[in-house]
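Reading through the structure tokens given below for one structure.
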Amino acid sequence: QKTDIGLIGLAVMGENLALNMADKGWHVSVYNRTVPGVEEGVVERFTNGRAKGKTIEGYTEIPDFVESISTPRKIMMMVRAGNAVDELMEQLFPYLSPGDILIDGGNSNYEDTNRRVALAEQKGFRFVGAGVSGGEEGALNGASIMPGGSVTAWDEVKPILQSIAARAADGTPCCDWIGPAGSGHFVKMIHNGIEYGDMQLIAEAYWVMKNLLQLDNEEMASVFAHWNEGKLRSYLIEITANILRHKDKAGGYLIDKILDTAGQKGTGKWSVINAMELGMPLGLIATAVFERSLSAQKNLREAASKQFACQRSQVLYNKPELVKDIYSALYASKLVSYAQGFAVLQKASETYGWDLDLASIARMWRGGCIIRSVFLNDIAAAFEASQKPKHLLLAPYFREEIKELLSGWKHLVAHAMKEELPVPAFSSALNYFYSLVSAKLPANMIQAQRDYFGAHTFERTDELRGQFFHENWTGHGGDTKSGTYNV
Ligand code: NDP
């Protein structure tokens with residue numbers, strides 16, 4: 001009897017996804033390459049170990065593996081993103097039948113997925129690029145899965161992918177069709193960017209509590225645990241409370257012994273690069289990415305700190321009041337970050353013709369993934385409203401929330417700045433908000449400068465929009481304009 005699905009790549013994600021599929025009643029063929037001297041016996045180790053007694057069959061040769069799966073075949077690849085996926089596709093193609101479906105569940109770049117969908121379809125196969133979030137635990141017990149690509153594949157992969165996905169509190173699977181081409185991986189990339197932003201915001205909240213209020217780890221854990229009961233309820237807030245309470249085996253709290261340098265693997269950076277390509281502001285996530293880069297320059301920061309000792313006042317802040325302000329800054333900045341992220345998704349959808357359903361994406365992120373939170377319900381509701389908001393912050397519910405939060409948010413940023421304490425993401429969000437709500441900005445000066453030195457032309461406030469003028473600013477320049485282009 002042939003199996004229901006094949007899975008390639010038995011590292012942490014692949015193993016756990018295979019077990020998850022088998023637990024949901026699917027019969028799974030698994031394959032991992034065998035490179036002499038690298039990781040021999042990966043397949044045997046799995047089938048004789050965690051997969052023993054389950055509906056999982058191991059294969060070490062591609063032809064046997066492909067042959068074991070019922071047609072049209074569904075083959076999910078959980079391998080290192082990049083060349084590995086292309087190499088595997090080339091190895092698989094000769095053995096596939098028309099209509100077979102390849103699913104790439106790795107963290108692939110969406111442009112690679114665009115290319116792979118076209119390549120597979122050109123050969124008569126189908127290709128699904130599925131972003132998977134939730135790490136090892138999600139892979140085993142329910143992840144958030146964002147599939148996109150060959151649309152006719154959806155009906156066939158849906159029962160399997162939805163069965164292994166997490167469920168939101170209302171029971172809906174955190175997996176639904178995203179759109180054509182690389183849209184699933186694009187949405188996963190923005191998910192990861194938002195994750196960078198959320199983590200930076202939480203880190204700033206922690207830092208203000210620690211440095212301006214001198215709260216100890218237990219007190220801070222209680223604040224986060226309390227926030228986790230309300231509108232900020234989310235996985236990242238929950239684990240922050242747990243991290244703060246966690247004791248080191250050698251005594252004391254582990255968090256105080258962890259070096260303050262944060263790593264990154266690139267999805268935050270990709271989000272920012274792609275937002276820039278689309279001409280969309282994604283300042284909060286950019287700040288989060290750059291702060292990780294600056295955190296990694298530990299030696300430089302240590303040297304600089306000796307030359308510019310920051311002055312902190314001896315002001316005794318009112319604890320409940322400042323904690324409330326930190327809450328306001330965290331919540332409002334988070335709103336800005338999601339508003340920016342969803343605006344990038346909207347723009348990508350229009351630019352690439354993906355027809356993304358933003359409410360559905362918000363719902364998919366409610367469970368399984370790292371940014372899961374109750375707040376995503378409110379985002380989904382805002383995008384579902386009959387009057388679609390131009391921008392998330394203009395949706396009536398969020399508009400009222402921001403109005404309530406603004407006072408605490410701006411006070412917190414002002415206090416932190418006076419105290420020479422960095423809150424780059426809180427302040428980036430606040431500056432974005434002030435710019436967003438400014439009908440006028442000083443960009444007239446920028447455009448004047450561009451025209452002065454580069455004849456880039458400008459529109460006038462006293463003429464109809466869409467007409468471009470050039471001024472001979474110095475009296476000795478010519479009247480030739482530069483070609484108009486917008487980025
Ligand atoms: P890795 O990213 O470490 O990938 C290792 C797997 O890829 C191994 O099975 C390895 O085989 C295989 N592989 C590497 N190069 C090749 C190649 N050229 N041909 C065939 N197979 C190859 O494993 P993870 O389980 O961590 O991640 C799998 C994918 O899922 C990645 O794209 C990752 O970014 C993504 N992901 C990971 C998450 C996580 O929390 N770890 C979360 C969400 C997504 P071998 O054993 O022979 O080396």
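The values are calculated or read from the model by the stated rules, or taken from the named source; none is laboratory data. Just so you know, these numbers come straight off a predicted model, no measurement behind them. With ideal geometry, Cβ positions are generated from the backbone for all residues, glycine too; neighbour counts draw on all protein chains shown.
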Checklist entry - Does ALA429 qualify as being without any contact (Cβ under 8 Å) to a residue 60 or more places away in the chain, closer than 22 Å to LEU358 by Cα and touching a Leu at 6+ places or on another chain (Cβ under 7 Å)? => result no
Item to check | Tabulated pairs, region 239-260, first assigned to a strand (DSSP E or B), second surrounded by 11 or more Cβ atoms within 10 Å (Cβ to Cβ), C-beta under 6 angstrom, 6+ apart or interchain | outcome: TYR253/ASN217
Item to check | Residue that is among the small types (Gly, Ala, Ser) and farther than 22 Å from LEU278 by Cβ, where the choices are ALA395, ALA416 | outcome: ALA416
Next on the checklist: For region 364-371, check the following and say yes or no: at least one residue is among the hydrophobic types (A, V, I, L, M, F, W, C), assigned to a helix (DSSP H, G or I), out of contact with any Lys or Arg (no Cβ under 6 Å at 6 or more places or on another chain) and farther than 26 Å from LYS188 by Cα.
Outcome noted: no
Checklist entry - Considering region 136-156 alone, what residues qualify as being in a helix (DSSP H, G or I) and surrounded by fewer than 24 Cβ atoms within 10 Å (Cβ to Cβ)? => result GLU136, GLU137, LEU140, ASN141, VAL151, THR152, TRP154, ASP155, GLU156
Next on the checklist: If a residue must be assigned to a loop (DSSP other than H, G, I, E, B) and within 11 Å of the ligand (Cβ to nearest atom), how many such residues does region 7-26 contain?
Outcome noted: 3
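So, of the residues in region 286-327 that are assigned to a helix (DSSP H, G or I) and of a type in the set (Phe, Trp, Tyr), which turns out to be farthest from GLU219 (Cα to Cα)?
PHE290
Yes/no per residue for (1) over 30 Å from GLN314 (Cα atoms); (2) free of Cβ contacts under 8 Å to residues at least 12 places away in the same chain; (3) outside any helix (DSSP H, G or I); (4) under 24 Å from the mean Cα position of the chain (by Cα):
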| site | (1), (2), (3), (4) |
| --- | --- |
| ALA205 | no, no, no, yes |
| GLN264 | yes, no, yes, yes |
| LYS269 | yes, no, no, yes |
| ALA275 | yes, no, no, yes |
Checklist entry - Do any residues in region 1-30 that are closer than 22 Å to VAL85 by Cβ and touching a residue at least 24 places away in the same chain (Cβ under 8 Å) have Cβ atoms under 6 Å from those of residues that are within 8 Å of the ligand (Cβ to nearest atom) and among the acidic types (Asp, Glu), where the two are at least six apart or on different chains, and which pairs are they? => result VAL12/GLU136; ASN16/GLU136
Item to check | Of residues in region 287-308 being aliphatic (A, V, I, L, M) and surrounded by 12 or more Cβ atoms within 10 Å (Cβ to Cβ), the one nearest to ASN431 (Cα to Cα) | outcome: ALA288
Checklist entry - Quick one: is PHE469 of a type outside the set (Lys, Arg), surrounded by 13 or more Cβ atoms within 10 Å (Cβ to Cβ) and touching a residue at least 12 places away in the same chain (Cβ under 8 Å)? => result no
Next on the checklist: With the structure loaded, tell me whether ALA225 is touching a residue at least 12 places away in the same chain (Cβ under 8 Å) and out of contact with any strand residue (DSSP E or B) (no Cβ under 9 Å at 6 or more places or on another chain) or whether it fails that test.
Outcome noted: yes
Checklist entry - Can you find a residue in region 126-135 that is of a type in the set (Val, Ile, Thr), assigned to a helix (DSSP H, G or I), at pLDDT 95 or above and touching a Pro at 6+ places or on another chain (Cβ under 8 Å)? => result no
Item to check | Considering residues of region 150-176 that are within 19 Å of the chain's Cα centre (by Cα) and within 16 Å of the ligand (Cβ to nearest atom) only, the residue nearest to VAL28 (Cα to Cα) | outcome: ALA165
Next on the checklist: Restricting to region 158-192, name every residue that is part of a strand (DSSP E or B) and either surrounded by 17 or more Cβ atoms within 10 Å (Cβ to Cβ) or modelled with pLDDT under 95 (or both).
Outcome noted: ALA165, PRO173, CYS175, GLY179
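Being touching a strand residue (DSSP E or B) at 6+ places or on another chain (Cβ under 6 Å) and on the phi < 0 side of the Ramachandran plot is true for just one of TYR31, TYR95. Which residue is that?
Exactly one of TYR31, TYR95 is touching a strand residue (DSSP E or B) at 6+ places or on another chain (Cβ under 6 Å) and on the phi < 0 side of the Ramachandran plot, namely TYR31.
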Checklist entry - Inside region 55-87, can you point out the residues that are crowded, with 16+ Cβ neighbours inside 10 Å and of a type in the set (D, E, K, R)? => result GLU57, ARG73, LYS74
Next on the checklist: With the condition being within 13 Å of the ligand (Cβ to nearest atom) and under 22 Å from GLY129 (Cα atoms), I'd like the helices (runs of 4 or more DSSP H) fully within region 27-100 carrying at least 2 qualifying residues.
Outcome noted: 62-67, 83-92
Item to check | Single condition ALA120 does not satisfy, out of (1) within 13 Å of the ligand (Cβ to nearest atom); (2) modelled with pLDDT of 95 or more; (3) not charged (D, E, K, R) | outcome: (1)
Checklist entry - Which one is farthest from the chain's Cα centre (by Cα) among residues in region 135-149 that are among the small types (Gly, Ala, Ser) and within 19 Å of TYR110 (Cα to Cα)? => result GLY149
Next on the checklist: Being free of Cβ contacts under 8 Å to residues at least 24 places away in the same chain, of a type outside the set (Ser, Thr, Tyr) and out of contact with any strand residue (DSSP E or B) (no Cβ under 6 Å at 6 or more places or on another chain) is the requirement here; does ALA362 meet it?
Outcome noted: yes
